[in-house]
């Protein structure tokens, strides 16, 4: 492994910063930073932001000096770079554009939901996840009902990491807020039903809307191995309050439950897009 660092020229918080990266492993990057006395708060998805005062010490410890452009190229080649579209802080404009198209003239509610999805304790269950579901729905069908898109926006609008409780409170939030936007009682009830359905991801055979939402919500399982690992890392951060042993036990139970479902994906399009990769990702994770 080689660590790389660019010059301290990036201004913020009254000083200038360098970026520290690895070309091989995020874990080894964490190990190096820990030995150098850099806290995890300085980690930003694929690099550490380090103040100018630490620059020479990091070079002396083995970090290779490169230009900012070369550092970016190294990070891209390594496969560890997190694209801008997967960074929560870069997604608000895209999400609000989608909200305006879905519910014209209701920016206040859209802003409230987006702010909920950007709460600092969220790692996986943030705006990146929301946008991924909306994009997955676009892939699954050209005729996704409005209620399904609304359920995607609401399904983790309340998130404290408590399975079942989060979905119920999110459904209650939809029942409270959506009537103020002019949606019918039937539409509000359907959105709330769909939100509750994401607690178990078991829609009925004739529940087309439920199948679309559940498949989109689980689409991350069928991602590339690198993207799947980023997902696992973010989920672990969401449950940072849980010990490693308890998390491993609980996560293994979740993976076994997913693998034991009669159908992980319910629509033919989702099975075509994600089923094989999801099975490979889940069985590989369980083996580890």
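Which one is modelled with the lowest pLDDT, of the residues in segment 258-272 that are closer than 18 Å to residue 210 by Cβ and in a helix (DSSP H, G or I)? Looking at the filtered set, the residue picked out is 258. Inspection of segment 48-66 identifies no residue that is over 17 Å from residue 20 (Cβ atoms) and either modelled with pLDDT of 85 or more or within 22 Å of the chain's Cα centre (by Cα) (or both). Condition first: assigned by TED's automatic domain parsing to the domain that holds residue 226, out of contact with any helix residue (DSSP H, G or I) (no Cβ under 6 Å at 6 or more places or on another chain), farther than 29 Å from residue 211 by Cβ and in a helix (DSSP H, G or I). Can you find one or more residues in segment 121-129 that meet it? No; the residues of segment 121-129 include none that is assigned by TED's automatic domain parsing to the domain that holds residue 226, out of contact with any helix residue (DSSP H, G or I) (no Cβ under 6 Å at 6 or more places or on another chain), farther than 29 Å from residue 211 by Cβ and in a helix (DSSP H, G or I). Scanning segment 11-29 for residues that are closer than 16 Å to residue 54 by Cβ and under 27 Å from the mean Cα position of the chain (by Cα) yields 12, 17, 18, 19, 20, 21, 29. The test for being buried (at least 19 other Cβ atoms within 10 Å of the Cβ) and not assigned by TED's automatic domain parsing to the domain that holds residue 145 holds for residue 71.
Tell me, please, whether a residue that is closer than 22 Å to residue 227 by Cβ and in contact (Cβ under 8 Å) with a residue 60 or more places away in the chain can be found in segment 24-33.
From segment 24-33, those closer than 22 Å to residue 227 by Cβ are 24-30; that's our starting set.
Now restrict to residues that are in contact (Cβ under 8 Å) with a residue 60 or more places away in the chain: 26.
Yes; the residues of segment 24-33 include at least one that is closer than 22 Å to residue 227 by Cβ and in contact (Cβ under 8 Å) with a residue 60 or more places away in the chain.
Hey, can you tell me all the residues within segment 25-48 that are in contact with a helix residue (DSSP H, G or I) (Cβ under 9 Å, 6 or more places away or on another chain) and either surrounded by 14 or more Cβ atoms within 10 Å (Cβ to Cβ) or not assigned by TED's automatic domain parsing to the domain that holds residue 62 (or both)? 26, 30, 32, 33, 36, 38, 42, 43, 45, 46, 47, 48, listed by residue number.
Please go through segment 108-119 and give me each residue that is part of a helix (DSSP H, G or I), touching a helix residue (DSSP H, G or I) at 6+ places or on another chain (Cβ under 8 Å) and more than 17 Å from residue 183 (Cα to Cα), ordered by number.
Restricting attention to segment 108-119, the residues satisfying the condition of being part of a helix (DSSP H, G or I) are 108-117.
With touching a helix residue (DSSP H, G or I) at 6+ places or on another chain (Cβ under 8 Å) added as a condition, the list becomes 109-114, 117.
If the condition is that a residue be part of a helix (DSSP H, G or I), touching a helix residue (DSSP H, G or I) at 6+ places or on another chain (Cβ under 8 Å) and more than 17 Å from residue 183 (Cα to Cα), then 111, 112, 114, 117 are the ones that fit.
The values are calculated or read from the model by the stated rules, or taken from the named source; none is laboratory data. Keep in mind that this is a model prediction, so the values were computed, not measured. Neighbour counts run over all protein chains shown; Cβ positions are idealised from the backbone, glycine included.
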